[in-house]
Amino acid sequence: MSKVATRFAPSPTGALHIGGVRTALFNWLFSKNQKGTFHLRIEDTDKERSKDEHKIQIIKSLKWIGIEHDGEEYIQSQKIEDHIKIANELLQKGNAYKCYCSVEEIEEQKKRAKQKKIPYIYNRKWRDTDEKDAPKDIKPVIRFKSKIEGNSKLKDLVQGDIEIENNTIEDFIILRNDGTPTYNLSATVDDHQMGMTHIIRGDDHKINTFKQIQIYQAMSWIVPEFAHIPLIHTIEGKKLSKRDNASTLDDYSKIGIMPDALRNYLLRLGWSYQDKEIFTLDESIQHFNLEGIGKSPSKLDMSRILSMNEHYIKTIHDNDLYKNLVEYCSIYKEKIKSDKETKIKSSLYFLKNKAKTLEDIFNNAQYILDDEVKFNEDDLKLIDEKAKKIINEFNNQINKLENLDRNKLEPIINNLIKNYETNFKGVGQPLRIVLTGSKFGPGLYDIIISLGKDDVIQRLGKVLKQN
RNA sequence: GGUCCCUUCGUCUAUCGGUUAGGACAGCUGGUUUUCAUCCUGCAAAGGGGGGUUCGAUUCCCCCAGGGACCGCCA
C-alpha cells in the first residue's frame, strides 16, 4: 500500500466556505493520521470567476485554522494541456467520441423530457453515428463512452457499498467545443497525476465519482479510495451555500471565534470518537478515522460554536488567549495600545469569565482600553448626592495608599458601607459607574485593581469636579 | 420526474442483539455570589411508521413515510 495522499480542491471563486473547511480538515487529519501527505489543488479553470485574491484567502484561512498543505499548491489551469491530451487519448482508444449536437438541440431534448416528466439523459446520438454525417458548421464536444449495461458498485469508505445502474449515467462531456476540458476529466487526471490515494469530499460528488472511476478504468489507472462525507445543512435542513449567513470562515473570525475552537467544533460536526468532545490538534490527528464519520447530514449550531469557543477562552493559557485577542483586535477592532497591554494581560483572568467570544473580551475591556469613560446616561443618573459623598470619601482614602490590592481596598469599602449605612450595592454601584461608565461589569475590586491608582483617581476626580 | 443517500433527546452524537438508551450544547430548576457573569446541584428531553428474523431488537432484513443530494459545454 502506497503512502496515503489526500487533497482539498477548492475553486477560488469566493471566500472559503465552512463546509469546505471541514472537508479540508477531514482530508488533512486523515492524511496526518496515516502519516501521509495533504495537498492543495486550486481549481481555477473557470476564468470568469476565479481570482488570485481568493486563492490567497483560501490558503490563509486554512492556515488560520491550523491546516497547512504539503508541497506547492497545484494549479489546475496550468495542467489543461495534460487534460486535453488525455481526452484525445480516450478518443483514439475508442472510449470517447465526438458529438455534433448543437446546444439548441440538447436544450430542446431537455425541455421535451421535462414536459413528459421523464428523466433527461443525452440520447447518445453520435456514439455510433458515422462522422461522415457530421454537420460542417458545428464544432463538436467530446463525450465519454459511459457504460450502458449492468451495474457499478462503489465501496465508499463512509457510506458503504453504493450500487447504481450504469444506464442512468449519461455520456458526459469531457472536452467542450472550445477545446477546454470539463471538471470530471480535469479532476480525474489531476488526482491521478498528483498520486492521490484517498478522495474525501462532499457527498454531492457521488455521481461524479461513478463517472470518474470509468475514466480511471479506461486509462488503466489505479482507482483511489473514495469517502463521501455528508454535507453540512443549515438550520432549515438545506445544503449550506455561500449565500447563507454565517457560512464563511470570516463570519466566525470577525465575531471573535478562535481558530482552535472552530476547528474542534467542525471536527465534532459529523464525526465522533466515543464521548470525547474536546480535542487538541494533536489529539485530533491521533484519533481521527473515517469510521467515526456519520452518514447523515448535520446542522450547523451557533450556540455550540459559541460554547466551544467559551470553553477554549476559559481553558487556554492567558498568554495564548492574549495572542488571539491581539490578533483579533488588530484585524477587526482597533490595535491595543502599548500602554494598555500590561493592564489587559493581567486582567484577562476575570475579563474572560464573562466572555463567549474575543469580541466579548474586547467589549468587557472597553473601560480599560478607553482613556475617557463613556457613560451610559441612565446609569449616570443613579449617582446622587449621597453617592458623590461616598465617591469623594473613597477618593480620599485611596489617595493615601501606595498601591492598590484587595487586602487594602476591602476595609475601605466596608467602612464606607458602615459609615453611610448602606449595603455593598450602595457603594459598589456608584463606583462601578464612575470607573467604567456602566452599572454592569466585572467585580468592583477587579475594576479598581485593573485600572491602577492613577487612573482610578483621575476618573473619580472627573466626576467629583462636575459639581 | 429519475437515480442515489440519510432517519436516536431541540442540536451534535454514544450504543457495534440483552443498557434504568449514555454524554455534550441549548432549555428549565436550586445553590454560591458584589451588579452582569462564572461556578456547582438537579430536572426535563430521543430510537419516523409497519412488517419480519430472533428467546430478545435502537441495533440485522423488507416495505412505507419524511428529509437531503445529484440530474450544466459550473466546479
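Quick check, is A:Phe375 within 16 Å of RNA strand B (Cβ to nearest atom) and at pLDDT below 90? Here the answer is yes, as A:Phe375 does meet what is asked. Considering only residues that are over 30 Å from A:Lys147 (Cβ atoms) and of a type in the set (Ser, Thr, Tyr), look in segment A:197-253 and name the one that is surrounded by the fewest Cβ atoms within 10 Å (Cβ to Cβ). So the residue we want is A:Ser241. Residues that are assigned to a strand (DSSP E or B), more than 18 Å from A:Ser11 (Cα to Cα) and either near RNA strand B (Cβ under 8 Å from one of its atoms) or not hydrophobic (A, V, I, L, M, F, W, C) (or both) occur at least once in segment A:191-199. Output the residues belonging to segment A:141-159 that are assigned to a loop (DSSP other than H, G, I, E, B) and either more than 8 Å from RNA strand B (Cβ to nearest atom) or without any contact (Cβ under 8 Å) to a residue 24 or more places away in the chain (or both). Answer for segment A:141-159, where residues must be assigned to a loop (DSSP other than H, G, I, E, B) and either more than 8 Å from RNA strand B (Cβ to nearest atom) or without any contact (Cβ under 8 Å) to a residue 24 or more places away in the chain (or both): A:Lys145, A:Ser146, A:Lys147, A:Ile148, A:Glu149, A:Gly150, A:Leu157, A:Val158. I'd like to know if segment A:62-72 contains one or more residues that are among the hydrophobic types (A, V, I, L, M, F, W, C), crowded, with 18+ Cβ neighbours inside 10 Å and closer than 15 Å to A:Asp191 by Cβ. Within segment A:62-72, not a single residue is among the hydrophobic types (A, V, I, L, M, F, W, C), crowded, with 18+ Cβ neighbours inside 10 Å and closer than 15 Å to A:Asp191 by Cβ.
A:Thr422 passes every criterion in (1) within 47 Å of the chain's Cα centre (by Cα); (2) of a type outside the set (Gly, Ala, Ser); (3) outside any helix (DSSP H, G or I); (4) surrounded by 12 or more Cβ atoms within 10 Å (Cβ to Cβ) apart from (1). Within segment A:160-183, is even one residue touching a residue at least 12 places away in the same chain (Cβ under 8 Å), aromatic (Phe, Trp, Tyr) and over 18 Å from A:Ser77 (Cα atoms)? Within segment A:160-183, one or more residues are touching a residue at least 12 places away in the same chain (Cβ under 8 Å), aromatic (Phe, Trp, Tyr) and over 18 Å from A:Ser77 (Cα atoms). Being of a type in the set (S, T, N, Q), near RNA strand B (Cβ under 6 Å from one of its atoms) and closer than 24 Å to A:Val158 by Cβ is true of A:Gln274.
Of the helices (runs of 4 or more DSSP H) lying entirely inside segment A:1-118, those containing at least 2 residues that are closer than 29 Å to A:Gly256 by Cα and either away from RNA strand B (no atom under 16 Å from the Cβ) or of a type in the set (S, T, N, Q) (or both) are A:18-33, A:52-65.
Only residues that are more than 16 Å from RNA strand B (Cβ to nearest atom) and farther than 20 Å from A:Ile293 by Cα were counted in segment A:211-239, giving 8.
In segment A:221-243, is there at least one residue being more than 30 Å from A:Met308 (Cβ to Cβ) and part of a helix (DSSP H, G or I)? No, segment A:221-243 contains no residue that is more than 30 Å from A:Met308 (Cβ to Cβ) and part of a helix (DSSP H, G or I). Taking A:Glu163 as the residue in question, decide whether it is closer than 14 Å to A:Ile213 by Cβ and either among the acidic types (Asp, Glu) or more than 10 Å from RNA strand B (Cβ to nearest atom) (or both). The answer is yes for A:Glu163. Restricting segment A:303-333 to residues that are outside any helix (DSSP H, G or I) and over 21 Å from A:Gly441 (Cα atoms) leaves a set whose member that is farthest from RNA strand B (Cβ to nearest atom) is A:His317. Just one of the numbered conditions (1) farther than 22 Å from A:Phe362 by Cα; (2) of a type in the set (A, V, I, L, M, F, W, C); (3) within 14 Å of RNA strand B (Cβ to nearest atom) is not true of A:Ile457: (3). Of the residues making up segment A:431-438, not a single one is away from RNA strand B (no atom under 16 Å from the Cβ), at negative phi and part of a helix (DSSP H, G or I).
The values are calculated or read from the model by the stated rules, or taken from the named source; none is laboratory data. Remember, predicted model here, so these are calculated numbers, not experimental data. For neighbour counting, all protein chains shown are included, and Cβ atoms are generated from backbone atoms with ideal geometry for every residue, glycine included.
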